[in-house]
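Each remark here refers to the structure printed beneath this line.
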């Protein structure tokens with residue numbers, strides 16, 4: 001046999017012709033003698049064969065038929081086909097995971113289920129994950145592969161002699177130890193300097209034959225509760241991570257093995273299984289070594305209670321096995337099964353239990369039904385996942401764009417991408433959202449014109465509500481009737497722009513506002529007579545009331561620049577692969593956008609400077625509003641006087657009534673406090689002027705600052721076909737050349753896509769056959 005330690009062992013890329021054993025050859029005899037000396041091989045295979053014999057093919061398991069029936073095979077064929085096209089690492093395929101505490105009898109359970117011999121050694125425990133893959137093929141063979149954790153190609157060795165399997169496993173372990181720690185290490189010695197107890201490498205054993213069910217089983221290293229002299233804390237942590245990785249797979253059926261030699265409350269695997277599978281929907285508890293319990297003892301009663309699902313409840317229930325004792329390791333599988341039956345039949349307590357929960361035969365039947373139900377449930381999900389993985393891989397491959405091996409290819413790629421980019425940009429600015437790009441993003445961010453319009457409207461609302469430095473409350477109704485009542489504008493109170501604007505604004509009542517104007521009058525008073533308004537007063541009031549405009553608008557300009565940047569990032573990433581998009585964005589698009597933002601801020605600065613001059617308006621709205629305010633305030637006073645006098649007749653010939661009314665009116669209309677009267681007049685003028693100026697300011701910001709400097713220049717793209725045509729070859733390579741890691745990724749994705757497509761076809765064919 002071409003063993004793992006020989007030069008004939010092959011890497012995955014090479015092939016190793018199977019060796020047909022010759023019963024009379026010295027090699028075979030010597031191999032068997034060596035295994036006999038190690039206590040792992042039956043010295044009399046002609047009388048103690050665990051397998052049915054075949055004159056040409058070696059040994060074949062005789063009792064795996066219980067894992068098969070017509071429908072079962074159809075379902076398992078699906079898994080086998082997916083595995084055969086290399087999708088085992090892409091999709092989480094169903095598997096039976098045998099796990100438990102160290103020396104719980106896990107390997108014996110796996111051996112009893114598969115009837116495949118494993119090395120037997122009292123001082124040897126499993127030191128790495130062992131995957132057993134049963135595959136149905138025309139020819140019988142065993143292929144053992146060492147799968148390295150560092151990504152190296154696996155080492156494989158193949159034979160058609162099933163009796164060689166124990167030797168395969170032993171040599172694989174020795175090879176892993178030697179490969180990992182060098183020739184000076186002592187394989188199998190826990191005390192060897194530098195020797196880890198457990199390895200992250202995996203041994204994968206594929207057993208093929210015409211009657212093999214495509215089934216996957218995994219034997220994991222036993223759980224260790226704490227560090228010892230032979231096992232460090234790293235060993236304990238490593239094995240916990242390894243087991244968690246396997247049992248966390250929702251498609252794994254967990255065979256949680258516990259030994260009756262130890263208190264099950266202290267066997268960690270039960271806690272770990274319930275953590276990942278709280279209801280036990282995919283966990284089957286397996287109790288081993290019940291023969292170690294004293295008959296009719298309290299301990300035996302406790303374990304039977306557990307087996308009957310009365311203590312720890314698993315939906316899949318529990319099962320009891322009596323495996324070979326230490327002095328029975330040379331017995332055949334038939335003898336092992338007979339001794340097990342005799343044990344359960346010999347004790348009265350087991351005769352009262354459900355026979356379907358005792359012994360290896362019923363366990364195989366339970367696994368058969370369990371696997372069938374499990375696979376029926378998982379097959380549709382697998383099909384969906386394969387479709388999703390194929391779609392994902394196709395998109396990733398498409399995202400890499402066309403191959404760019406030469407400058408000509410690169411330039412052509414850039415031109416094609418540029419035309420697509422600029423066409424979509426034009427559509428976005430025009431509000432034409434028919435392309436898939438605009439539907440690929442559910443938010444408004446991909447619809448540029450809609451986003452601009454929405455944000456402009458929001459800015460106008462923010463300015464209307466929070467633009468003024470002082471918000472006036474308790475304004476008389478006669479004034480609000482003319483200037484306009486505050487509209488019920490709803491803004492997101494949690495929005496950053498609203499929080500910022502709200503923090504800049506202060507609230508003043510009408511009385512406080514009049515006091516604020518009076519204070520301004522005192523500091524701005526000139527040569528005017530009492531009751532007259534200084535021309536400086538209204539300017540200073542207006543400047544202070546509009547003091548927050550610059551800060552609010554700068555925030556808005558920055559926000560709009562970010563919205564546009566986000567859109568351009570989405571767009572360039574849509575039309576170009578990620579590596580090129582990143583370079584084009586950094587070298588071309590963002591510098592251009594930064595220039596546009598600088599121009600917008602410069603334009604805003606000019607507007608703010610204009611606003612710092614004496615306010616001027618030629619809008620008749622302002623003068624009409626002032627006249628209406630004065631008239632309305634006068635009429636309000638007159639109405640109040642009339643209502644206060646009660647029923648009175650005035651007019652020609654009414655005498656005293658008319659005189660009384662005119663006298664009262666004359667007294668009430670005279671304002672004794674001229675400063676207050678002047679302040680109220682100035683405040684009314686400010687409110688009318690502010691409203692008129694705010695409309696003009698918001699329009700100027702949206703049209704001149706935003707549209708002229710941030711939006712319109714987008715049409716003159718820095719990556720237009722004309723701009724790209726001017727680039728030198730070196731510039732083209734820098735901008736869009738394909739690096740080696742992208743070429744490698746393209747190759748990997750292409751191979752993955754091919755495998756997935758083959759898998760999809762095989763999946764559909766198998767499902768059609770099953771239907």
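Which one of these is closer than 30 Å to residue 749 by Cα, out of contact with any strand residue (DSSP E or B) (no Cβ under 7 Å at 6 or more places or on another chain), at pLDDT 65 or above and crowded, with 21+ Cβ neighbours inside 10 Å: 87, 134?
That would be 87, the only listed residue that is closer than 30 Å to residue 749 by Cα, out of contact with any strand residue (DSSP E or B) (no Cβ under 7 Å at 6 or more places or on another chain), at pLDDT 65 or above and crowded, with 21+ Cβ neighbours inside 10 Å.
Only one residue in 558, 535 is surrounded by fewer than 15 Cβ atoms within 10 Å (Cβ to Cβ) and at pLDDT 90 or above, so which one is that?
Exactly one of 558, 535 is surrounded by fewer than 15 Cβ atoms within 10 Å (Cβ to Cβ) and at pLDDT 90 or above, namely 558.
Kindly indicate whether residue 724 is in contact (Cβ under 8 Å) with a residue 12 or more places away in the chain, in contact with a helix residue (DSSP H, G or I) (Cβ under 9 Å, 6 or more places away or on another chain), assigned to a helix (DSSP H, G or I) and more than 30 Å from residue 593 (Cα to Cα).
No: the conditions fail for residue 724.
So which residues in the range 432-447 are at pLDDT 90 or above and closer than 21 Å to residue 496 by Cα, if there are any at all?
Within the range 432-447, none qualify.
Looking only at the range 728-764, which residues are surrounded by 14 or more Cβ atoms within 10 Å (Cβ to Cβ) and outside any helix (DSSP H, G or I)?
Within the range 728-764, 737, 738 qualify.
Name the residue, out of 363, 386, that is buried (at least 17 other Cβ atoms within 10 Å of the Cβ), in contact (Cβ under 8 Å) with a residue 24 or more places away in the chain and under 26 Å from residue 329 (Cβ atoms).
363
Does residue 281 qualify as being farther than 17 Å from residue 359 by Cβ, part of a strand (DSSP E or B) and modelled with pLDDT of 90 or more?
No.
Quick one: how many residues across the range 287-331 are at positive phi, crowded, with 17+ Cβ neighbours inside 10 Å and in contact with a helix residue (DSSP H, G or I) (Cβ under 8 Å, 6 or more places away or on another chain)?
Residues flagged as at positive phi, crowded, with 17+ Cβ neighbours inside 10 Å and in contact with a helix residue (DSSP H, G or I) (Cβ under 8 Å, 6 or more places away or on another chain) within the range 287-331 amount to 1.
Restricting attention to the range 567-579, which residues are more than 25 Å from residue 702 (Cβ to Cβ) and crowded, with 16+ Cβ neighbours inside 10 Å?
Scanning the range 567-579 gives 572, 573, 574, 575, 576, 577, 579.
Among (1) over 30 Å from residue 639 (Cα atoms); (2) without any contact (Cβ under 8 Å) to a residue 12 or more places away in the chain, there is one condition residue 504 misses while meeting the rest; what is its number?
So the condition that residue 504 fails would be (2).
Filter the range 407-432 down to the residues that are farther than 25 Å from residue 557 by Cβ and free of Cβ contacts under 8 Å to residues at least 40 places away in the same chain and list them by number.
408, 409, 412, 416, 423, 432 - these are the residues of the range 407-432 that are farther than 25 Å from residue 557 by Cβ and free of Cβ contacts under 8 Å to residues at least 40 places away in the same chain.
From the residues in the range 224-243 that are under 18 Å from residue 106 (Cβ atoms) and exposed (fewer than 13 other Cβ atoms within 10 Å of the Cβ), which one is nearest to the chain's Cα centre (by Cα)?
241
Within the group 474, 481, 435, which residue is in the same structural domain as residue 683 (by TED's automatic domain parsing), without any contact (Cβ under 8 Å) to a residue 24 or more places away in the chain and surrounded by fewer than 17 Cβ atoms within 10 Å (Cβ to Cβ)?
None of the others qualify; the one that does is 435.
Going by what's in this entry, would residue 299 be described as in a loop (DSSP other than H, G, I, E, B) and modelled with pLDDT of 90 or more?
It is false that residue 299 is in a loop (DSSP other than H, G, I, E, B) and modelled with pLDDT of 90 or more.
Restricting attention to the range 580-594, and to residues there that are surrounded by fewer than 19 Cβ atoms within 10 Å (Cβ to Cβ) and free of Cβ contacts under 8 Å to residues at least 60 places away in the same chain, which single residue is nearest to residue 559 (Cα to Cα)?
594
Among the listed residues 428, 423, which satisfies the condition of being part of a helix (DSSP H, G or I), on the phi < 0 side of the Ramachandran plot, surrounded by fewer than 15 Cβ atoms within 10 Å (Cβ to Cβ) and at pLDDT 90 or above?
423
What is the one condition in (1) under 28 Å from residue 390 (Cβ atoms); (2) surrounded by 14 or more Cβ atoms within 10 Å (Cβ to Cβ); (3) in contact with a helix residue (DSSP H, G or I) (Cβ under 8 Å, 6 or more places away or on another chain) that residue 682 does not satisfy?
Residue 682 satisfies all of (1) under 28 Å from residue 390 (Cβ atoms); (2) surrounded by 14 or more Cβ atoms within 10 Å (Cβ to Cβ); (3) in contact with a helix residue (DSSP H, G or I) (Cβ under 8 Å, 6 or more places away or on another chain) except (1).
Does residue 287 meet the test of being closer than 23 Å to residue 103 by Cβ, within 47 Å of the chain's Cα centre (by Cα) and in a strand (DSSP E or B)?
yes
The values are calculated or read from the model by the stated rules, or taken from the named source; none is laboratory data. No experiment lies behind these values; they were computed from the predicted model shown. Cβ coordinates were reconstructed from backbone atoms using ideal geometry, including for glycine residues, and neighbour counts include every protein chain displayed.
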